[in-house]
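Structure first, commentary second.
The values are calculated or read from the model by the stated rules, or taken from the named source; none is laboratory data. A quick note: this is a predicted structure, and the numbers were derived from the prediction, not measured. Heads up, the Cβs are rebuilt from the backbone with ideal geometry, glycines too, and the neighbour counts pull from every protein chain shown.
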Amino acid sequence: MADFFEPAGRGVQHASLRAANRRAVLTTITFSPGISNAEVSRRTGLAPQTASAIVTELEDDGLITRGDVLRGRRGQPATPLYLDYGGAYGIGCEISWRHIDITLINLGSEDLGRYRRDFAYPDATSIVAEAAEAIAGLIARLTPAEQQRVAGIGLATPSNLGSLIGNVEPPPEQFTAWRELDLRAALEAATGLATTWFNDGNCACFAEMVMSPPPRPANLVHLFVSTFLGAGITAEHTLWEGPTGNSANLGSMLVNGHDGHRAFGHDIASTTALGRRLAEAGIELPISNPSAWPWSDWEAHVTPWVDASGKALAEIIFNTGAVLEIDHAIIDSTAPQPIIERLVAATEAALGNLAARGARRPRLVAGTLGARAAPLGGAQLTMFRKHFSRDLSDMLAAE
């Protein structure tokens, strides 16, 4: 294991420095559309000649475009610079406990196509072929030149999906099939596209951060109520993934259950927990998109589930805030927006009952992306790491 101070003793290679500067310029133009060359130089701290050379390089690569020259102002006429949405494309492929959801987006996160199917469990013997076929169909919508700009696939799954497949009670043969399947490698081989795995909760969190209007919250906890409880954390605008990509496994945090016993957040604030309540009444959860479930018909069971979920989510937010300085908490779900709003209200009420000395209460809001969050975040992270991230490991991986 490397010592804490070891990286500080290594010099930065010229090529890596050039790549970091390039990504800094692209990021500046992305979040300041219409900016001029001179302003890029000022904001990045790069010499005017260096900034200008990088801008020309990015334009040649199709990542940025120039607008009409702005005249009639003081000094030299300025040419506004903009991100070219057609400069890169990303694919997000979410394979979860109960569905597969794939999206194709451009550099501006515009939705160019989507594939989704719900199921009782992910079939290890066919899921890769299904995903590869769907991805090929989405890519076929692009021109040959655009296809060359596909950054890769961001594969979003729950951590340890294969080893925990028993959570959704599949047929016995699925245990062996999942044990023998390297999902990321198999998808990369089937599509011929570089494939990077991300935790699905982290993907949803990243997408919500990217799609939020400025000023974006710097420190947030994102909780996603689905088959189980997905989660993600950003600290100082940086996705907090940890060494294995699973550091924000907040659904495994112990909270107080409705029966007075401690329980995992997964077992309370999830559609699986709702399913158990329904099963006690002889009602089976449909194998379909939760947004289409007959929620109003289940009101007698939904109300206590929302209340219990709100208390569990409040504890998780409260405890996370005791460790990290969280200023925003976002709750989203595969459920319809009215259900999400009720979960937020129940969590807000429960947070009000958790008093603590000197504790700062985060602002609590409803998510806006719903089921689109994880595949969108997977696609965004793939392009971010190739074109925007200044992390050395990301830059080396993109070479």
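Suppose we keep only residues that are on the phi < 0 side of the Ramachandran plot and under 20 Å from the mean Cα position of the chain (by Cα) within the stretch 139-153. Which one would you say is surrounded by the fewest Cβ atoms within 10 Å (Cβ to Cβ)?
Within the stretch 139-153, the match that is surrounded by the fewest Cβ atoms within 10 Å (Cβ to Cβ) is 150.
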Exercise. For the stretch 89-97, state whether one or more residues are surrounded by 20 or more Cβ atoms within 10 Å (Cβ to Cβ), farther than 21 Å from residue 382 by Cα and either in contact (Cβ under 8 Å) with a residue 12 or more places away in the chain or in contact with a helix residue (DSSP H, G or I) (Cβ under 7 Å, 6 or more places away or on another chain) (or both).
Key: yes
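Residue-by-condition table, conditions (1) surrounded by fewer than 14 Cβ atoms within 10 Å (Cβ to Cβ); (2) without any contact (Cβ under 8 Å) to a residue 12 or more places away in the chain; (3) more than 26 Å from residue 168 (Cα to Cα):
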| residue | (1), (2), (3) |
| --- | --- |
| 288 | yes, no, no |
| 294 | yes, yes, no |
| 297 | yes, yes, no |
| 306 | no, no, no |
| 318 | no, no, yes |
| 325 | yes, no, yes |
| 332 | no, no, no |
| 350 | no, no, yes |
Quiz item: Quick one: what pairs do we get from the stretch 221-250, first residue assigned by TED's automatic domain parsing to the domain that holds residue 360, second outside any loop (DSSP other than H, G, I, E, B) and aromatic (Phe, Trp, Tyr), C-beta under 6 Å, 6+ apart or different chains?
Solution: 230/224; 239/206
Self-check item: Residues located in the stretch 23-47, provided they are part of a helix (DSSP H, G or I), in contact (Cβ under 8 Å) with a residue 40 or more places away in the chain and among the small types (Gly, Ala, Ser)
Solution: 24, 38
Quiz item: Taking the stretch 331-367, which residues are in contact with a Ser or Thr (Cβ under 9 Å, 6 or more places away or on another chain), of a type in the set (Val, Ile, Thr) and closer than 19 Å to residue 219 by Cβ?
Solution: 331, 347
Self-check item: Number of positions in the stretch 154-190 that are among the β-branched types (Val, Ile, Thr), surrounded by 13 or more Cβ atoms within 10 Å (Cβ to Cβ) and over 16 Å from residue 244 (Cα atoms)
Solution: 2
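This table checks each residue for (1) part of a strand (DSSP E or B); (2) over 30 Å from residue 257 (Cβ atoms); (3) at pLDDT below 95; (4) outside the structural domain of residue 258 (by TED's automatic domain parsing).
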{"site": "330", "(1), (2), (3), (4)": "yes, no, no, no"}
{"site": "335", "(1), (2), (3), (4)": "no, no, no, no"}
{"site": "341", "(1), (2), (3), (4)": "no, no, no, no"}
{"site": "344", "(1), (2), (3), (4)": "no, no, no, no"}
{"site": "351", "(1), (2), (3), (4)": "no, no, yes, no"}
{"site": "356", "(1), (2), (3), (4)": "no, no, yes, no"}
{"site": "359", "(1), (2), (3), (4)": "no, no, yes, no"}
{"site": "364", "(1), (2), (3), (4)": "yes, no, no, no"}
{"site": "380", "(1), (2), (3), (4)": "no, yes, no, yes"}
Exercise. Could you run through the stretch 30-43 and say how many residues are surrounded by fewer than 18 Cβ atoms within 10 Å (Cβ to Cβ) and in contact with a Ser or Thr (Cβ under 6 Å, 6 or more places away or on another chain)?
Key: 1
Self-check item: Considering residues of the stretch 203-251 that are touching an Asp or Glu at 6+ places or on another chain (Cβ under 7 Å) and part of a loop (DSSP other than H, G, I, E, B) only, the residue modelled with the highest pLDDT
Solution: 219
